[in-house]
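Remarks on the structure that follows.
The values are calculated or read from the model by the stated rules, or taken from the named source; none is laboratory data. Every value quoted in this text rests on a predicted model; they were computed, and no experiment measured them. Heads up, the Cβs are rebuilt from the backbone with ideal geometry, glycines too, and the neighbour counts pull from every protein chain shown. Areas reflect the complete protein model, heavy atoms only, side chains present, ligands, DNA and RNA absent. Shrake-Rupley method; radii C 1.70, N 1.55, O 1.52, S 1.80 Å.
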Amino acid sequence: MNVIVCNNAEAVADKAYEIVADIITAKPDAVLGLATGSTPVGLYRRLIEGYRQGKLSFRKIRSLNLDEYVGLPETHDQSYRYFMNDNLFDHIDIDKAETHVPCGTADDLQKAADEYTRLAASMPRDVQILGIGSNGHIAFNEPGTPFDSETHIVTLKESTRRDNARFFASIDEVPTHAVTMGIKTILNAKKIILVATGTNKADAVYNMINGPISEDCPASALRNHPDVDVIVDRDAAAKL
Ligand code: GLP
């Protein structure tokens, strides 16, 4: 793992932007693996800015997102499809038909999940953006998820629902289930960039880098990948 410690969250976003912009410039039809959460928003703002300044085009870019809440329609302002449209896709020249987010409202969720696994296999990602949960989860792969998992339905941990309750009117409105790309699928990306900021990520970042490679810390699976940049601010790096 290539660990890059930056002074603050803005510098983390600057560094992540630099790497992603280089990939898009070198390969205008790159496949991007994208993540939700508040941490990648700074990167997305910079990508929008790069597009507005004419430095980047997303016309041939395709994307695959990591996860989605079960039960939230695309129009719900906390669905991850809505998040991606609002924070990135609506502001760049990407073809929305080429942007993919797992479906959390299908009648047969596991069937839709299996289709997503096949889709991911047909679209090898040049780079995968990741955040990290305070309990070490990546996407919605909670502690205990087997490393060979593909897209599947998960029951969210109480701690994850609490962490994400800040985006909802109350914790009761946070969905109890989600559909997530599995750890094996995530690791299939050619390159991975994980961003983390803030003291509430310090334990997870420590365990990812220095703890045992174990299902107790899903992010530790990234140590089995040959090309991972971990970009963190000083707060998230506090325990390293
Ligand atoms: C959610 C997402 C993860 C994300 C995590 C951290 O649980 N499913 O993909 O990494 O939140 O989010 P944040 O960046 O807001 O701390």
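Residue under question is G37, and the condition is that it be closer than 27 Å to R118 by Cβ, within 16 Å of the ligand (Cβ to nearest atom) and either open to solvent by 40 Å² or more (accessible area, probe 1.4 Å) or part of a loop (DSSP other than H, G, I, E, B) (or both); does it hold?
Against the criterion (closer than 27 Å to R118 by Cβ, within 16 Å of the ligand (Cβ to nearest atom) and either open to solvent by 40 Å² or more (accessible area, probe 1.4 Å) or part of a loop (DSSP other than H, G, I, E, B) (or both)), G37 qualifies.
Being within 20 Å of L194 (Cα to Cα) and touching a His at 6+ places or on another chain (Cβ under 8 Å), is that true of even one residue in the stretch 64-76?
Checked against the condition, which is being within 20 Å of L194 (Cα to Cα) and touching a His at 6+ places or on another chain (Cβ under 8 Å), the stretch 64-76 yields at least one hit.
Residues checked against (1) among the small types (G, A, S); (2) without any contact (Cβ under 8 Å) to a residue 40 or more places away in the chain; (3) over 26 Å from G104 (Cα atoms):
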position: V5; (1), (2), (3): no, no, yes
position: E18; (1), (2), (3): no, yes, yes
position: D22; (1), (2), (3): no, yes, yes
position: G33; (1), (2), (3): yes, no, no
position: L56; (1), (2), (3): no, yes, yes
position: S63; (1), (2), (3): yes, yes, no
position: E68; (1), (2), (3): no, no, no
position: T75; (1), (2), (3): no, yes, no
position: Y80; (1), (2), (3): no, no, no
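Condition check ((1) of a type in the set (G, A, S); (2) away from the ligand (no atom under 14 Å from the Cβ); (3) open to solvent by less than 20 Å² (accessible area, probe 1.4 Å)) across all residues:
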site: K111; (1), (2), (3): no, yes, no
site: D114; (1), (2), (3): no, yes, no
site: G136; (1), (2), (3): yes, no, yes
site: T155; (1), (2), (3): no, no, no
site: R166; (1), (2), (3): no, no, no
site: V179; (1), (2), (3): no, no, yes
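Name, by its number, the condition in (1) surrounded by fewer than 20 Cβ atoms within 10 Å (Cβ to Cβ); (2) within 16 Å of the ligand (Cβ to nearest atom) that does not hold for T145.
(1)
Residues G54, G42: which one is within 12 Å of the ligand (Cβ to nearest atom), modelled with pLDDT of 95 or more and not in a strand (DSSP E or B)?
From the options G54, G42, the qualifying one is G42.
Can you tell me which condition F83 does not meet? The list is (1) farther than 28 Å from V5 by Cβ; (2) crowded, with 17+ Cβ neighbours inside 10 Å, and all the others hold.
The one condition F83 does not meet is (1).
For the stretch 8-52, enumerate the residues that are among the charged types (D, E, K, R) and in contact with a strand residue (DSSP E or B) (Cβ under 8 Å, 6 or more places away or on another chain).
Scanning the stretch 8-52 gives D14, K15, D29.
Against the conditions (1) farther than 29 Å from R118 by Cβ; (2) touching a His at 6+ places or on another chain (Cβ under 9 Å), where does A219 fall short? Just the number, please.
A219 satisfies every listed condition except (1).
Could you tell me which residue of the stretch 116-134 is surrounded by the fewest Cβ atoms within 10 Å (Cβ to Cβ), considering only residues that are outside any helix (DSSP H, G or I) and among the β-branched types (V, I, T)?
The extreme case among them is V127.
Looking at the stretch 187-204, is at least one residue farther than 22 Å from A9 by Cβ and either without any contact (Cβ under 8 Å) to a residue 12 or more places away in the chain or within 12 Å of the ligand (Cβ to nearest atom) (or both)?
No, that holds for no residue.
Test A202 against the stated conditions and say whether it is under 13 Å from Q128 (Cα atoms), hydrophobic (A, V, I, L, M, F, W, C), open to solvent by less than 70 Å² (accessible area, probe 1.4 Å) and out of contact with any Phe, Trp or Tyr (no Cβ under 9 Å at 6 or more places or on another chain).
It is false that A202 is under 13 Å from Q128 (Cα atoms), hydrophobic (A, V, I, L, M, F, W, C), open to solvent by less than 70 Å² (accessible area, probe 1.4 Å) and out of contact with any Phe, Trp or Tyr (no Cβ under 9 Å at 6 or more places or on another chain).
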